1. Can you tell me which condition PHE14 does not meet? The list is (1) at pLDDT below 95; (2) of a type outside the set (D, E, K, R); (3) in a strand (DSSP E or B), and all the others hold.
2. If you check LYS59, LYS49, which single one turns out to be more than 21 Å from THR20 (Cβ to Cβ) and open to solvent by 80 Å² or more (accessible area, probe 1.4 Å)?
3. Do we have MET95 as outside any helix (DSSP H, G or I) and in contact (Cβ under 8 Å) with a residue 60 or more places away in the chain here?
4. So, in region 72-88, exactly how many residues are modelled with pLDDT of 95 or more, of a type outside the set (Phe, Trp, Tyr) and buried (at least 16 other Cβ atoms within 10 Å of the Cβ)?
5. Based on this model, can you work out whether PHE71 counts as in contact with a helix residue (DSSP H, G or I) (Cβ under 6 Å, 6 or more places away or on another chain), at negative phi and without any contact (Cβ under 8 Å) to a residue 60 or more places away in the chain?
6. Given the criteria among the small types (Gly, Ala, Ser), in contact with a helix residue (DSSP H, G or I) (Cβ under 7 Å, 6 or more places away or on another chain) and over 18 Å from MET95 (Cα atoms), does ALA29 qualify?
7. Does VAL69 count as buried (at least 16 other Cβ atoms within 10 Å of the Cβ) and not in a strand (DSSP E or B)?
8. Under 6 Å between Cβ atoms, at least 6 apart or on separate chains: pull out the pairs that start in region 24-44 with a residue that is under 13 Å from ILE55 (Cβ atoms) and open to solvent by 30 Å² or more (accessible area, probe 1.4 Å) and end on any residue that is aromatic (Phe, Trp, Tyr) and part of a strand (DSSP E or B).
Amino acid sequence: MDQKNIRRIFEAYFEKYKKTEGDKKAWSAFWTEITPDGTLEINLTKCPKGTTFKIFVNKKKVAEVLEWVNFFTTMETVANRYPGLYDAEKIFNDMEFMI
């Protein structure tokens, strides 16, 4: 799946499922993918400083990056470091189904 579609799907998912962080200046939504190889959680947060992604593998934070361009680079690294966890095609098709 290309980056444009991934972004479109995640943004729509975010708009549907976002929750406030309390002060209504920061909003976040997350996706959890459970596979035989472990658990991947992607948290998208939008706040005054920009769009932030927090990536967790098996409940441990492995990355926190700002903006989409860094998200895509980071997810390539996550896919290489943790084989079997990040399948963009499956994750974002499932996410699109939820919206």
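The values are calculated or read from the model by the stated rules, or taken from the named source; none is laboratory data. Owing to the predicted nature of the structure, the values given are computational and were not obtained by experimental measurement. Counting neighbours? That spans all protein chains shown, and the Cβs are built from the backbone with ideal geometry, glycine included. For the accessible areas, the whole protein counts, side chains as well, though only heavy atoms, and no ligand, DNA or RNA atoms are used. Shrake-Rupley method; radii C 1.70, N 1.55, O 1.52, S 1.80 Å.
1. So the condition that PHE14 fails would be (3).
2. Only one candidate passes the filter, namely LYS59.
3. Judged against the criteria, MET95 is not a match.
4. 3
5. So PHE71 does not fit the description; no.
6. no
7. no
8. From region 24-44, the pairs are GLU41/PHE30; GLU41/PHE56.
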